[in-house]
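To start, the structure under review is shown below, and the notes come after it.
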Amino acid sequence: MRATESLELLGVGLANAAWVTTRTGIELLRFGRSSWWWRLRWAMIRAWVGQTPLGVVRREGAASGLSEEDLVYGETLPGTAFDLLKALEVGSQDIVIDLGCGRGVLPLVAGLAFQARAVGLEVLEGFVSRGRRAAEFLGLDGVDFQKGDFREGPLPRGTVYFLAGTCLEPSSWAAVTRNLADSAPARARAVSLSQALPSAEWEALGRREMAFSWGSATVFLHRRRSRPRRKRSARRAHVRSKGSAGRSA
Ligand SMILES: C[S@@+](CC[C@H](N)C(=O)[O-])C[C@H]1O[C@@H](n2cnc3c(N)ncnc32)[C@H](O)[C@@H]1O
């Protein structure tokens with residue numbers, strides 16, 4: 001690697017560290033009196049002692065057969081997970097599924113702060129085993145981590161789905177959104193990052209900018225349509241054919 005590339009990488013690393021530190025300071029002001037926030041931080045430290053998410057990706061990524069794009073690692077910050085789950089009005093009756101959960105911040109916050117059940121689905125074993133360890137430290141019986149590939153269905157059944165698919169390559173995005181449409185029950189809620197889920201199956205509930213470990217990203221909130229919306233051209237053809245059937249009868 002050339003010296004200029006190394007310097008660029010160092011610059012990006014420092015800028016990112018400054019961003020995460022600033023966001024953690026903001027979270028400390030917001031959640032410093034909330035026990036869930038401290039418990040989560042402590043469980044993460046204990047579960048991840050001597051290991052980093054990038055270390056897991058480096059060690060297991062190549063053998064997973066996934067592309068570099070699919071393995072780009074970034075994380076939902078605890079305060080952002082809290083705000084997202086609150087916006088979706090998650091409660092103890094919900095089952096939250098994080099598709100590609102990494103360290104599992106969102107499922108752990110769902111269990112800790114919202115008393116919801118949750119599943120983190122993840123293709124790399126290092127995340128699954130440490131996620132389970134964190135849930136055990138926290139005594140969260142309703143939060144589970146499962147090893148699996150979200151491109152291959154069926155997905156765990158839930159009432160709320162989260163897909164942090166910002167960097168996914170187009171074929172993986174297509175496969176997981178198809179699977180999601182097949183698995184999610186009517187009226188389920190879903191969150192996607194950077195692009196909206198297909199409007200044929202998902203009704204838009206709004207969008208907002210939120211903070212993640214790598215910077216700001218657009219978050220799309222959705223609700224599963226009870227019945228898939230047909231494309232306008234198909235609907236028009238249907239109306240026309242009904243009209244002509246009526247006339248010929
Ligand atoms: C950008 S990270 C997001 C982690 C987590 N959802 C969060 O927001 O904190 C994406 C995660 O998806 C995992 N992943 C990528 N492709 C996957 C696949 N096909 N099936 C399951 N997990 C996958 C990666 O290993 C990585 O941990």
Can you find a residue that is within 20 Å of residue 81 (Cβ to Cβ), over 15 Å from the mean Cα position of the chain (by Cα) and modelled with pLDDT of 95 or more anywhere in region 189-198?
no
Contact list, first residue from region 195-212 and among the polar types (S, T, N, Q), second anywhere and within 16 Å of the ligand (Cβ to nearest atom) and not in a loop (DSSP other than H, G, I, E, B), beta-carbon distance below 9 Å, six or more apart or interchain, is 195/173; 195/218; 195/220
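Conditions tested, residue by residue: (1) within 11 Å of the ligand (Cβ to nearest atom); (2) part of a strand (DSSP E or B).
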| position | (1), (2) |
| --- | --- |
| 96 | no, yes |
| 101 | yes, no |
| 111 | no, no |
| 118 | no, yes |
| 121 | yes, yes |
| 129 | no, no |
| 153 | no, no |
- Within the bounds of region 159-174, is there any residue that is assigned to a loop (DSSP other than H, G, I, E, B), farther than 24 Å from residue 66 by Cα and either more than 15 Å from the chain's Cα centre (by Cα) or more than 10 Å from the ligand (Cβ to nearest atom) (or both)? yes
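Among the residues of region 190-204, what is the count of those that are away from the ligand (no atom under 16 Å from the Cβ) and closer than 14 Å to residue 96 by Cα? I'd like the intermediate steps shown before the answer.
First pass over region 190-204, keeping only residues away from the ligand (no atom under 16 Å from the Cβ): 196, 198-204.
Add one more test, that the residue is closer than 14 Å to residue 96 by Cα, and what stays is none.
Summing the residues that are away from the ligand (no atom under 16 Å from the Cβ) and closer than 14 Å to residue 96 by Cα in region 190-204 gives 0.
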Within region 40-79, of all residues that are assigned to a loop (DSSP other than H, G, I, E, B) and small (Gly, Ala, Ser), the one farthest from the ligand (Cβ to nearest atom) is 50
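The values are calculated or read from the model by the stated rules, or taken from the named source; none is laboratory data. All figures in this text were calculated on a predicted structure; none of them were measured in a lab. As a convention, Cβ positions derive from the backbone with ideal geometry for all residues, glycine included, and neighbour counts pool all protein chains shown.
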